1. Under a Cβ-Cβ cut-off of 12 Å, what is the net charge of the residues other than Ala375 that fall near it, where Lys and Arg count +1 and Asp and Glu count -1?
2. Counting only other residues whose beta carbon sits under 13 Å from that of Arg317, what net charge do I get with K and R as +1, D and E as -1?
3. Round to the nearest 10 and report in Å² the accessible area of Thr106, as given by a 1.4 Å probe over the protein chains' heavy atoms.
4. Tell me which lysines have Cα within less than 26 Å of Lys274's Cα, excluding those fewer than 8 residues away on the same chain?
5. Given the C-alpha centroids of segment 31-85 and segment 347-399, what is the distance between them in whole angstrom?
6. Just the number, please: carbon plus sulfur as a percent of the accessible area of the chain, 1.4 Å probe, no ligands or DNA/RNA counted.
7. In square nanometres and to one decimal, what's the mean projected area of the convex hull around the Cα atoms of segment 25-114?
8. Considering only DSSP beta bridges whose two residues both sit in the chain, what percent are antiparallel, to the nearest 5?
Amino acid sequence: MSMPVQTLTPITAAEQMSIVRCASCHATLDDRTARATCPNCGGLLAVEHTLALPRGAALRAHFDDRLGIESYRGTAAQRSGVWRFRELVLPAARPEEIVSHPEGNTPLVAREAVASFAGVRDLWLKHEGHNPSASFKDRGMTAALTQAKRIGALAVACASTGNTSASLAAYAAQAGIPAFVLVPEGRVSTGKLAQTLAYGAHMIRLRGDFDDCLELAREASERLGVYLVNSLNPFRVEGQKTIVLELLQQLGWEAPDWIALPAGNLGNTAAFGKALREAHALGLIDRVPRLLAVQAAGAAPFAAGFADDFATRHRVRAETAATAIRIGDPASWDRAVDAIRFSNGHVAAVSDAEIFAAKRVIDSCGVGCEPASAASVAGVRVLAERGIIADGERVVAVLTGHLLKDPDAALAARAAGGLGSDESLTRDEALDHLGRVLAGS
């Protein structure tokens, strides 16, 4: 069944500033395609921008100029940390088509305790949990929903471990487009489910894991014509690229030595590689940081692939308490392989114990993150211990989601750490308890 669309405003040749190309068969589509994968071979699609741009210092200045007054008083798109880089996201999108909260503009912070834990003195945390729906997914979703609006999609859908569904629900509500989300039964945190339902998405709990949900979402897209917005959607990648562009801008366009990120479905790994390739080609940076993609040991097919130089595409039945990266058959595998190879990167697997140890340190610094986010810091620690990351190198670790994305995990960590009282107390008991804590500290 073909994709249902509304009547579109005609697009002129001058407005055609991008093409969409299949990475496998190299077929090309225009930038108003409703396809998430190639219609000829089913391969992954990538957006290529054809708009002529200045290079080097001139382009840096162009993006830096947008940090002026319009970033405070302008439209949502003008205030967005995604659409600040609009020429590298979706240059043909008209102002009235852009669906923006706004998003982005997330902080780059440093904490000595986290750096000490990781064994890297110059460690920065790029906290994507400060996005509107509290995860990095908003960056991709603003681009995907803008594309949905451009093509006149009548409905959007995704499979999700929670963050994608929350983000899709929020942006679809803003765009006025019905949203359908498929989540694995019993494997999504209550915080993420609450967001999805509150924003008005139609949620289906499927008996199975994320990979089962994604398979069904892709089938629904083909048979029923809903617009699929999972990370294999090429426009999601364009939005998620801006995590890298923004952190480079925050560092004065001086590239760090490493960028570490959690890796599940590998959409961010692919997006980061594309961002670095384009930033280097355009002269925004003069050298390419190395990517470190970090998986949970119980959901580490990509790490297994890295170990054999990607000779085999591995698939596993995923199991980890870091639910946001509990994915056994990553959809963006090929694009992520390209990203690791281009950046001379590395892929690591860390245990749940290592993830939660990193999370406790991040939380205790007043920064906080959901469990999967801490995988980036845990991975930096492992590579520093192995001598792969040198102590003098600058590292940016991306935290992908907010602490309250998984409140159950936060409460469990609190109980394990002996913080607070496990039972309600009378006034006198509370004073005694406080005294004992102060004496002990």
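1. Surrounding charge for Ala375 is 0.
2. Result for the local shell: -2.
3. 0
4. Lys126, Lys137, Lys149, Lys241
5. About 30 Å separates the Cα centre of segment 31-85 from the one of segment 347-399.
6. That share works out to 53 percent.
7. Over every viewing direction, the Cα hull of segment 25-114 projects on average to 9.4 nm².
8. So the antiparallel bridges in the chain amount to around 30 percent.
The values are calculated or read from the model by the stated rules, or taken from the named source; none is laboratory data. The shown structure was predicted, so the numbers you read here are calculated from the model rather than taken from an experiment. Here Cβ is always computed from backbone atoms with ideal geometry, including for glycine, and neighbour counts include all displayed protein chains. Please note that ligands, DNA and RNA were not included when accessible areas were found on the heavy atoms of the full protein model with its side chains. Shrake-Rupley method; radii C 1.70, N 1.55, O 1.52, S 1.80 Å.
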